[in-house]
Amino acid sequence: LPLARSNIKKIGANAFQNCERLEKIRLDNLVLVRQIGMSTFKNCTSLTNIKLPPNLEEILADAFYECLSLTKIVIPNKVTKIDYRAFYNCRKLKEVTFAPASKLYTLGEQAFAYTNIQSIVLPDTLWSLGSEAFYDCIWLKSVTLGKNLERIHEQAFAHSRRLAEIRLPSSLKY
């Protein structure tokens, strides 16, 4: 589903929720979009490929909740917030990449819980890692935390049974 250039500034809550046959969507030509709303793509179980808007700043709660076929995502560098359960239970999600010069500040609770991410490098701008952010990521083996991270909330990596390596920054306070 290619969307033409427009004056769209936000993809609203539930806009594509339960579009079970939606496989691909390109938003990378929507340069004014700053926010993907709550549950925008929730339960789009066939969604395999999405290109996010380049000036995106926020991915709100449940935005990609249970997008069961999504395998990879590139987070644009202007995103400062990934809200709770944004990619919850995206069971085939293996690869999350943060664009260079990422401004990510907050990663919400259960943001990537129940995904198949194998390794992740979180940006240096990240300040807070929400509770259960990577809960039950059974294939997660390696984590690199950004150098300015101050808070890792409870159970951030709980039940990630294969986690063998994590690099903790000296900036951590709790």
Any residue in the stretch 44-65 that is acidic (D, E) and touching a Phe, Trp or Tyr at 6+ places or on another chain (Cβ under 8 Å)? yes
Pick out the one residue from L104, L47, L56 that is under 25 Å from A164 (Cα atoms), open to solvent by less than 30 Å² (accessible area, probe 1.4 Å) and either at pLDDT 95 or above or within 12 Å of the chain's Cα centre (by Cα) (or both). L104
What do you reckon, is F157 within 28 Å of K42 (Cβ to Cβ) and open to solvent by less than 20 Å² (accessible area, probe 1.4 Å)? no
Pairs returned, first residue in the stretch 143-165 that is over 14 Å from I117 (Cα atoms), second residue that is open to solvent by 50 Å² or more (accessible area, probe 1.4 Å) and at pLDDT 95 or above, beta-carbon separation under 6 angstrom, 6 or more apart or interchain, are G146/D124; K147/D124; N148/D124; E150/W127
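The values are calculated or read from the model by the stated rules, or taken from the named source; none is laboratory data. What you see is a predicted model, and the numbers here were worked out from it, not measured in a lab. As a convention, Cβ positions derive from the backbone with ideal geometry for all residues, glycine included, and neighbour counts pool all protein chains shown. For the accessible areas, the whole protein counts, side chains as well, though only heavy atoms, and no ligand, DNA or RNA atoms are used. Shrake-Rupley method; radii C 1.70, N 1.55, O 1.52, S 1.80 Å.
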